[in-house]
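K.L.:
Before anything else, here's the structure in question.
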Amino acid sequence: MRTLRNVHERIVQAPAETVGALVDRLSASDDPLFPTPVWPAMVLDRPLAVGADGGHGRIRYRVTAYEPGRSVRFDMTEGGLGTGYHRLDVEPLGPDRCRISHVLDITTSAARFAFFRLTIEPVHDTMIEEIFDNAERAATGSLPHPPARRPRRALLVNRLLWLRPAESPVPADARLLHEAFERPDFTDAWRMPLAPGMPRDPRAWRHVLPFTERGAEGRELMLGEDASHLDFRASVLVDDDSVTLATAVRLHNTRGRLYFAVVRRVHPCMARRALRRAHRRAAFAARPAGERNTRTAA
């Protein structure tokens, strides 16, 4: 077995009470610290308190100690990297200055230790530094230095583990798509969840596919092209917690049927790839949580 200890800390030019109030909002709908939507959000089964279960991504833990405004400790549970904990602490250094620190302390196997060093550590380090960035943004209203750098290994892991679209029925609310063709020859739909901070305006997803805009209504945007052999429509429908890319095709003649017999074999892959790429791009373009959720208890 190996002991893995990882420590980060930063001095913040703000009262400990102000930064501590931000820590108290971890996992809340307006969490100002966790660096979503680029990284997975912290999700707990109840408000932050001893006994709350949850995690972020594939990492699972339980709140085992909590001093409001000062400290919270999470012990690893099933699916973790090993036995141990991670904790976030705020220490006053004066009336308008404090230290925020994060400690990860785990006992794990040699194989998991190596796995952490190779793949997880760059992501972990980046997330913690972005949490500290958000603490400064929310507590002081600005970031007095460049934001945390995202190393290539962290971005590679992010890309590989990014969510993948799930097949779904064509949404009943996709009215523009349903009205486009009376009897489409083909339809499909792919759905992805929306993380906090991601756009709910369908026009923000305009570039998911390189086709002409055909109309917009409410939370639906429709794209499409017409040709002599087939007509194609794509609907981007955004609701409170998901975005759905649905498509419909109308074939005109034998040429269209022959063409689409080949295209429909690769279409699902292309649609999934386009939606996943647009989804990740929208996440990276979102404002940091420390700017979006600026309510403080200073």
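Every number here is computed from the coordinates shown, using simple stated rules; none is lab data. This is a predicted model, so every value here is computed, not measured. As a convention, Cβ positions derive from the backbone with ideal geometry for all residues, glycine included, and neighbour counts pool all protein chains shown.
K.L.:
Picking from Val238, Val249, Val90, which is most flexible by a Gaussian network model of the chain using Cα springs under 10 Å?
P.N.:
Val249
K.L.:
Please arrange Glu136, Glu17 by counting, for each residue, the other beta carbons lying within 10 Å of its beta carbon, fewest first.
P.N.:
In order of increasing Cβ crowding within 10 Å: Glu17, Glu136.
K.L.:
Here is a follow-up. If you line up the long axis of helix 121-140 against the longest principal axis of the chain, both from Cα atoms, how many degrees apart are they, to the nearest 10?
P.N.:
80 degrees
K.L.:
Applying the Karplus parametrisation 6.51 cos²θ - 1.76 cosθ + 1.60 with θ = phi - 60° to the phi angles of region 90-97, what ³J(HN,Hα) value in whole Hz is obtained for each residue in order, glycine and proline being reported as x?
P.N.:
Per-residue couplings from phi come out as 10, 10, x, 10, x, x, 10, 7 Hz.
K.L.:
Can you give the convex hull volume per residue for the Cα atoms of the chain, as a whole number of Å³?
P.N.:
146 Å³
K.L.:
Follow-up question, since we're still on this one. Taking amide hydrogens as modeled 1.01 Å from N in the peptide plane, which residues meet the under 5 Å criterion relative to Ala195, leaving out close sequence neighbours?
P.N.:
Counting only residues 5 or more places away or on other chains, the set is empty.
K.L.:
Another one. For helix 254-285, what angle does its Cα long axis make with the longest principal axis of the chain, in degrees from 0 to 90 and rounded to 10?
P.N.:
20 degrees
K.L.:
When the Karplus curve 6.51 cos²θ - 1.76 cosθ + 1.60 is applied with θ = phi - 60°, which whole-Hz ³J(HN,Hα) does each residue of region 172-182 get, with x for Gly and Pro?
P.N.:
The phi angles translate into 4, 6, 7, 5, 4, 5, 4, 8, 5, 10, 5 Hz.
K.L.:
Tabulate in residue order the Karplus-calculated ³J(HN,Hα) for region 25-34, using 6.51 cos²θ - 1.76 cosθ + 1.60 with θ = phi - 60°, rounded to whole Hz; enter x for Gly and Pro.
P.N.:
Those phi angles translate into 9, 4, 6, 6, 5, 10, 3, x, 9, 5 Hz.
K.L.:
Find the relative contact order for region 1-123 and round it to a whole percent, using C-alpha pairs within less than 8 Å whose residues are 6+ positions apart.
P.N.:
30 percent
K.L.:
For Arg60, what residues show an amide H to amide H distance below 5 Å, using hydrogens built from the backbone and excluding near sequence neighbours?
P.N.:
Hits under the 5 Å cutoff: Thr77, Gly80.
K.L.:
Find the relative contact order for the chain and round it to a whole percent, using C-alpha pairs within less than 8 Å whose residues are 6+ positions apart.
P.N.:
Relative contact order, the chain: 20 percent.
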